[in-house]
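What follows is calculated from the coordinates using simple rules that are stated; it is not laboratory data. Given the structure is predicted, the values throughout are model-derived calculations rather than measurements. Methodologically, a virtual Cβ is constructed for each residue, glycine included, from the backbone with ideal geometry; neighbour enumeration extends over all protein chains shown.
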Amino acid sequence: MAQLLFKEEYYQVVGICMEIHRILGVGLSEIVYKDAMEYEFKTRNIPFEREKAFVVEYKDIVLPHKFFADFVVFDKIILEVKACEAIADPHITQTLNYIAIAKSRLGIIVNFGSESLEHKRVIL
């Protein structure tokens, strides 16, 4: 059986998200869940950057608009936070693009918008 990429870090992040979902429940805006995640990352001494800016290179230039990852956790995982009905294909495509631009290997999409926390591993 193949080893999961960044297995321990993934479980740690998803565990935090499950705790936040259990306490805050469903129906809040993304920003509230992000604030709770920032609190948990700080409390647990997990390295993270919130709304990290990445430039997009095109041919021989850097485009003027950047993209902002919700979080970069452990200096290597792109974490995208949603509060919608369900994780959909456009969320996966967006995360794949973010992983590629950030030169990362793993993305996690978490969705606080359903009765049970949804999470998806996205690997480039």
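Pairwise Cα distances in the chain exceed 26 Å for 18 percent of all pairs.
Relative to the longest principal Cα axis of the chain, at what angle does helix 30-43 sit, 0 to 90 degrees, rounded to 10? Compared with the principal axis, the helix lies near 80 degrees. Take the Cα of V32, step 7 Å toward its Cβ, do the same at K66, and the gap between the two points is 2.9 nm. For a quick check of your reading of the filter: which GluC sites (Glu not before Pro) in the range 57-100 sit in a DSSP loop and have no more than 10 other Cβ atoms within 10 Å? For GluC sites (Glu not before Pro) across the range 57-100 that sit outside H, G, I, E and B with at most 10 neighbouring Cβ atoms in 10 Å, the list reads E85.
Of the residues I123, M18, H65, the one whose Cα sits farthest towards the positive end of the charge dipole of the range 7-123 is I123 (charges of +1 on Lys and Arg Cβ, -1 on Asp and Glu Cβ, taken about the Cα centre). Neighbours of V55, meaning other residues whose beta-carbon lies under 14 angstrom from its beta-carbon, give a summed charge of +2 when Lys and Arg score +1 and Asp and Glu score -1.
Of all beta bridges that DSSP places with both ends in the range 7-123, some 75 percent have antiparallel geometry. If you take the Cα centroid of the range 108-124 and the Cα centroid of the range 11-74, the two points sit 13 Å apart. Once C-alpha pairs closer than 8 Å and six or more residues apart are averaged by separation and normalised to the residue number of the range 7-123, the relative contact order reads 25 percent. Comparing L63, L96, L79 in a Gaussian network model of the chain, where Cα atoms under 10 Å apart are tied by springs, the biggest mean-square fluctuation is seen for L63. Take the Cβ-Cβ distance between V55 and R105 as r, set R0 to 25 Å, and report the resulting FRET efficiency rounded to the nearest 0.05. About 0.85, to the nearest 0.05.
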